[in-house]
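Reading through the structure tokens given below for one structure.
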Amino acid sequence: SDVIDLTGDDKDDLQRAIALSLEESNRAFRETGITDEEQAISRVLEASIAENKASLKRTHPEVWSDSPNPYDRKRQDNCPVGLKNVGNTCWFSAVIQSLFNLLEFRRLVLNFNPPANAQDLPRNQKEHRNLPFMRELRYLFALLVGSKRKYVDPSRAVEILKDAFKSNDSQQQDVSEFTHKLLDWLEDAFQIKAEEERDGEKPKNPMVELFYGRFLAVGVLEGKKFENTEMFGQYPLQVNGFKDLHECLEAAMIEGEIESLHSENSAKSGQEHWFTELPPVLTFELSRFEFNQALGRPEKIHNKLEFPPILYLDRYMHKNREITRIKRDEIKRLKEYLTVLQQRLERYLSYGSGPKRFPLVDVLQYALEFASSKPVCTSPVDDLGASAPASGTLPAQTSPSTIEQQGPSSSDVPSTSPVQRSVIHKPFTQSRIPPDLPMHPAPRHITEEELSVLEGCLHRWRTEVENDTRDLQESISRIHRTIELMYSDKTMVQVPYRLHAVLVHEGQANAGHYWAYIYDHHQNRWMKYNDISVTKSTWEELERDSFGGYRNASAYCLMYINDKEQYLIQEEFNKETGQILVGMDTLPSDLRDYVKEDNKRFEKELEEWDAELAQKAQQEKLLSQIPRAPAPSPAPVQAGEPEYLEQPSRTDISKHLKEDSVQAINRALAEQEDKGPEAIMDT
């Protein structure tokens, strides 16, 4: 079949494509009897079925396709550089951007020099993998610093990682799994360098010092006390059943029966965790996935979990264990008392023994209104008469067949009634008219003295209930406030950690999309890093996407940094001039050259695009100067009508072709008659 290029601006190509499409459409209809519209609907349904079948396997964004216009891919001023999604790699982008924006981590990676004797080292699998990855990570960080592109391609670093995961390209990686792997590799790479540079001392690994801390496990196991010091990197926290980060941490720091830790002869088991050394960068893994045994598959926990921009960790430090234990006991006592008060308040707010309950203060108010009501009696027949037309005639919409005309009767209608009434026929009640009933609920028999006593009691009881309810609510609020402020004294706000990055997951357990909110410590604002897109954000947007409970998006990993360790986010300074180093000036010479080469390639791409546009403009200018036969002017377009011509139908085309053929034959006959028989023979 013919292939027509529609990427250019040639209108003739477009017209040929339309004609070819019409021809194919008519041919298909002749062969199958199915119209184009029916075929399109069928294709949509088939695509929808295929989409549903693949929905569990499909993951959120596809591979980004680059715009052909390089100016769409040009970095604006000093905006942060994004990372291209090269096939379900949003997990990679979220973690890498979070780490890159830690300036101390960025410096460590950019200034990493491979060991001088790297070629002489045993080429085991670990070294064969880690050192090439470090090289690609340095190149990637350098491009994020100085590239002129809006976003850069991380494929080379990603491929090394994917080989290690031994997974297919379509499988998304778990953020915590990837972060563990990344830190392990970086630790190994820096360990090689540290061992090479040590002078008889134990080598210091900067990755360990940056991301790893220690805690002391103190506990009792079957009546025997124990203490163990353990190192940790990312600290896992359960989410289910907790409302905020402190509740998660409290639960993680205590296991088993806490009372057994302080008794001598307890056979119960339990342990406490106390931080002895916190890392400068503290990462919490929020366990938002759990395995559903009944369904046989993992499920995501969408519960809301709040976390603060500043987290004080004093209460979890080993040095503060004694005061923390006292405060925990006090909080436990207050919570028990709080439960009692809340139960009492519930009885006031939901009063009654039946399925329907009401606030007690309202019940008393309803009783007061009932007692104060005056009975106003009237007969149901009077009510019926009051609703009938004044003339005594039937309403227009009432069918005569349903009405039985009756004469006046002393038993049915009072003799004082001035008009003839039409009574609705009710077989079960016609013979017995109910006694007079009050128009609204009211006491039938109550003396003024009884009413005065009852009103006084109900007023007094209602006031007492209102006061009791208010006192309970105020007591509950005071206890909540006391618990919140339990750790706000000066001794418990000495270890502040500031939220640096929030890694967000949107979707379900088997598929989804990752992005990151990262705090710009110098501009004092939040930024959203979503693959190639980097935009300004707010704490309110972060809350909405990260706390959970709102939709399928929630925080999956929290990265806090020690707020007193300013070197983590501090810019570099020129040692001679004292000026801040920015951009390319922060790069080592080899990486500066690497970025310059990439920028040259991008600038060449821009130049080629400009040259191509200039050439097209020149061609259009030359074509416009070529004289053309005057085309018949189109009919003027009336106001309000669409500015296009309808595609002629096949009947119209055949009619025009027939007319043109007849005209051509007539012209040929006329010419032959003029030329004579000799001329005809010559042709």
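The values are calculated or read from the model by the stated rules, or taken from the named source; none is laboratory data. Here the structure is a predicted model, which is why all the values come from computation and not from measurement. Methodologically, a virtual Cβ is constructed for each residue, glycine included, from the backbone with ideal geometry; neighbour enumeration extends over all protein chains shown. Surface accessibility is based on the protein's heavy atoms, side chains included, excluding ligands, DNA and RNA. Shrake-Rupley method; radii C 1.70, N 1.55, O 1.52, S 1.80 Å.
Things worth noting here:
- Scoring Tyr567 on the criteria (1) surrounded by fewer than 19 Cβ atoms within 10 Å (Cβ to Cβ); (2) on the phi > 0 side of the Ramachandran plot leaves a single failure, condition (2).
- Inter-residue pairs, beta-carbon under 7 Å, first within 12 Å of Asn530 (Cβ to Cβ) and in the range 75-92, second of a type outside the set (A, V, I, L, M, F, W, C) and modelled with pLDDT under 85, 6+ apart: Asn85/Pro61; Cys90/Pro61
- Candidates are the residues of the range 468-516 that are closer than 30 Å to Leu295 by Cα and polar (S, T, N, Q); the one that is modelled with the lowest pLDDT is Asn510.
- Here the range 202-219 is the region considered, the condition is being in a strand (DSSP E or B) and open to solvent by 10 Å² or more (accessible area, probe 1.4 Å), and the residue that is farthest from Gln234 (Cα to Cα) is Val218.
- Look at the range 280-305: where a residue is touching a residue at least 40 places away in the same chain (Cβ under 8 Å) and a partner is among the aromatic types (Phe, Trp, Tyr) and open to solvent by 30 Å² or more (accessible area, probe 1.4 Å), sitting 6+ places away or on another chain with Cβ atoms under 6 Å, you get Pro298/Phe289; Pro298/Phe291; Lys300/Phe289.
- Candidates Val208, Val175, Val239, Val281, filtered to the one that is at pLDDT 90 or above and over 30 Å from Ser488 (Cβ atoms): Val208
- Selection count, the range 78-104, where residues are more than 20 Å from Asp66 (Cα to Cα) and open to solvent by 10 Å² or more (accessible area, probe 1.4 Å): 5
- Residue match in the range 248-260 (condition: at pLDDT below 95, more than 35 Å from the chain's Cα centre (by Cα) and either open to solvent by less than 60 Å² (accessible area, probe 1.4 Å) or assigned by the TED database to the domain that holds Tyr487 (or both)): yes
- Residue count for the range 597-619, restricted to those that are among the charged types (D, E, K, R) and either touching a Leu at 6+ places or on another chain (Cβ under 9 Å) or touching a residue at least 60 places away in the same chain (Cβ under 8 Å) (or both): 4.
- Number of positions in the range 506-523 that are touching a residue at least 60 places away in the same chain (Cβ under 8 Å) and not in a strand (DSSP E or B): 2
- Matching residues, the range 548-565, being of a type in the set (Phe, Trp, Tyr) and either assigned to a helix (DSSP H, G or I) or within 19 Å of Val95 (Cα to Cα) (or both): Tyr556, Tyr560
- Some residue of the range 524-540 being in a helix (DSSP H, G or I) and either surrounded by fewer than 14 Cβ atoms within 10 Å (Cβ to Cβ) or in contact (Cβ under 8 Å) with a residue 40 or more places away in the chain (or both): yes
- When Pro408, Pro434, Pro427 are screened for being modelled with pLDDT of 55 or more and in a loop (DSSP other than H, G, I, E, B), only Pro434 passes.
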